[in-house]
Structures are given as C-alpha cells and as structure tokens.
Amino acid sequence: MKTEILTSLLAAAFGHLADEIRRAAASGAEALHLDVMDAHFVPNLSFGPDVVALAASVAPDFYRNVHLMMTRPDLYLEPFARAGAQTIQIHVEADCDIHETLRRIRGMGLKGAIVLNPETPVERLVPYLGEIDEALVMTVHPGYGGQTFIADCLTKVTELRRQCPRLDIMVDGGVNAETAVLAAKAGANQFVAGSYLFGQRDMAAAVAVLRSGVMP
Ligand code: DX5
Ligand code: ZN
C-alpha cells in the first residue's frame with residue numbers, strides 16, 4: 001500500500017491562499033486535503049467549492065482530497081465534483097443515505113471514503129467496506145485545526161487494519177512527526193497534517209521527516 005502525506009489547507013494563511021496551495025504542491029506531499037465545514041455538523045465554517053476550484057486552477061496536478069464535515073453532504077456532491085474534487089470523504093454520522101451517497105460519488109468517477117468521528121465505533125464502517133476507496137479515522141474531534149492527537153483512536157486503526165489488510169486507512173487531526181509514527185504502527189498509511197506542515201518555514205523538509213517516520 002502506498003504511503004501518502006496530505007497537507008490540510010485549513011492551516012494555510014488565507015490572505016495568500018494561492019501561494020499556500022503552490023507551497024503545498026511543491027512540498028513533495030501526495031495531496032491537498034480540503035476541510036469543508038457547515039457550522040452544523042461541526043461548530044465551525046470553513047469554505048466551499050470555490051476553494052476547491054482555486055486549488056484545481058493553481059495546482060491542477062496536486063490531488064484534491066475533499067473532507068466534507070457536513071450534515072447533508074449528499075446535497076453538495078455535484079458542486080464539489082464540478083470544482084475538481086477527486087476524492088470525496090463523507091462522515092458515517094451524516095444525516096443522509098450513506099450507501100446512496102457513496103454510490104453517487106463513485107458514479108461520478110471520484111473516489112469515495114467514509115470518515116469516523118473519535119467516538120464512533122469501527123463497526124459502523126462494516127456495512128460500507130465493499131463500497132469505499134479509503135477510510136478516515138479522525139484523531140481529533142472535527143471542527144478545528146491545531147488540536148491534540150487522541151491516541152485512543154488508534155485502536156480503531158489497528159482493528160480496521162486487521163480486518164482489511166489492503167484498505168487505505170487515513171488519520172486526520174493532531175498529526176506531527178511523533179504522532180504519525182504511532183498511527184503508522186497502528187496500521188495507517190495516509191496521514192493528513194495541517195498546522196504541523198503549514199507552520200514550517202521549509203514544508204518540503206517537514207514532509208520528508210514525516211515520511212521517513214511512517215515508511216513501512
Ligand atoms: C479537523 C480537520 C483536519 C484539520 C487537521 O476538523 O478535519 O483536517 O485541518 O489539522 P491539524 O493537522 O492542525 O490537526
Ligand atoms: Zn480533515
């Protein structure tokens with residue numbers, strides 16, 4: 001399985017977003033992670049399809065992984081797909097038909113993923129295992145960047161890896177050079193980092209450090 005580092009744009013300086021997207025694209029990371037928040041599913045608002053479209057125009061070859069922290073992600077699939085989303089991640093706790101929403105995401109030729117909040121048991125994922133391209137195990141309560149990694153969430157990564165040796169398993173929240181190693185040991189192969197990477201003067205060096213700690 002491929003080890004992937006994703007840079008979370010939520011931690012970028014929004015005053016010069018295009019430059020920040022270019023900086024992430026040049027860092028050696030595999031993808032840009034775009035956190036969409038609706039102020040309902042989580043108590044925060046971030047951005048919508050226009051920022052995904054900006055990323056697509058500024059760095060067309062930099063993969064766009066879109067994390068929808070929305071109560072009704074099913075109502076916004078087409079705008080995000082049109083904007084250039086390549087993977088769409090929906091929460092299993094969302095208020096919509098999850099099977100149908102995954103079917104529509106993949107029907108548009110995109111990858112589909114399910115996200116689990118820290119308090120959501122891994123069993124909730126089981127009905128969808130045949131229908132997803134990756135699973136995202138949150139390692140913070142979604143809504144804000146810069147929070148502390150919840151190591152207890154890694155028991156879910158271990159269990160999921162035991163059940164699904166070939167599945168792409170991502171962790172998101174509080175990931176840095178130390179916590180990424182713990183997540184990799186538990187079985188994760190995709191790592192989202194926001195504040196840790198955007199906070200560095202040399203993002204490429206930090207991506208390399210992160211990668212060296214999580215390579216199998
Ligand atoms: C949290 C978001 C994360 C966040 C990670 O709600 O889903 O993607 O940006 O930020 P850091 O890496 O700063 O914890
Ligand atoms: Zn995220």
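A quick yes/no check of all residues on (1) touching a strand residue (DSSP E or B) at 6+ places or on another chain (Cβ under 8 Å); (2) more than 14 Å from ligand 1 (Cβ to nearest atom):
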{"site": "A11", "(1), (2)": "no, no"}
{"site": "D19", "(1), (2)": "no, yes"}
{"site": "R22", "(1), (2)": "no, yes"}
{"site": "L34", "(1), (2)": "yes, no"}
{"site": "T87", "(1), (2)": "yes, no"}
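Counting just the residues of segment 63-97 that are part of a loop (DSSP other than H, G, I, E, B) and of a type in the set (A, V, I, L, M, F, W, C), which one comes out surrounded by the most Cβ atoms within 10 Å (Cβ to Cβ)? The selected residue is A85. L182 meets each of the listed conditions (1) without any contact (Cβ under 8 Å) to a residue 40 or more places away in the chain; (2) surrounded by fewer than 19 Cβ atoms within 10 Å (Cβ to Cβ); (3) more than 16 Å from I5 (Cβ to Cβ); (4) in contact with a helix residue (DSSP H, G or I) (Cβ under 7 Å, 6 or more places away or on another chain) apart from (3).
To keep it simple, each residue is scored yes or no on (1) at pLDDT below 95; (2) more than 16 Å from ligand 2 (Cβ to nearest atom); (3) acidic (D, E); (4) closer than 19 Å to S27 by Cα.
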| residue | (1), (2), (3), (4) |
| --- | --- |
| R166 | no, yes, no, no |
| V171 | no, no, no, no |
| Q190 | no, no, no, yes |
| Q200 | no, yes, no, yes |
| A204 | no, yes, no, yes |
| V207 | no, yes, no, yes |
| G213 | no, yes, no, yes |
| P216 | yes, yes, no, no |
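Of the residues making up segment 101-124, those that are touching a residue at least 40 places away in the same chain (Cβ under 8 Å) and of a type in the set (G, A, S) number 1.
With respect to (1) farther than 23 Å from T87 by Cα; (2) surrounded by 19 or more Cβ atoms within 10 Å (Cβ to Cβ); (3) not hydrophobic (A, V, I, L, M, F, W, C), the lone exception for K156 is condition (1). The number of residues in segment 180-202 being of a type in the set (K, R) and within 17 Å of E134 (Cα to Cα) comes to 0.
With respect to T120, is the statement that it is assigned to a helix (DSSP H, G or I), under 18 Å from the mean Cα position of the chain (by Cα), at pLDDT 95 or above and not hydrophobic (A, V, I, L, M, F, W, C) true?
Working: assigned to a helix (DSSP H, G or I): no; under 18 Å from the mean Cα position of the chain (by Cα): yes; at pLDDT 95 or above: yes; not hydrophobic (A, V, I, L, M, F, W, C): yes.
Taking the combined requirement at face value, the residue does not satisfy it.
Among the residues of segment 38-89, those identified as under 15 Å from the mean Cα position of the chain (by Cα), among the polar types (S, T, N, Q) and under 22 Å from H141 (Cα atoms) are S46, N65, T87, Q89. The set of residues in segment 98-153 that are over 20 Å from T3 (Cα atoms), within 16 Å of ligand 2 (Cβ to nearest atom), of a type in the set (V, I, T) and surrounded by 20 or more Cβ atoms within 10 Å (Cβ to Cβ) contains only V140.
Does V42 satisfy the condition of being crowded, with 23+ Cβ neighbours inside 10 Å and within 14 Å of ligand 2 (Cβ to nearest atom)? Criteria not met by V42.
The values are calculated or read from the model by the stated rules, or taken from the named source; none is laboratory data. Nothing here was measured: the structure is a model prediction, and the numbers come from that model. Positions of Cβ are backbone-derived with ideal geometry, glycine not excepted, and every protein chain shown enters the neighbour counts.
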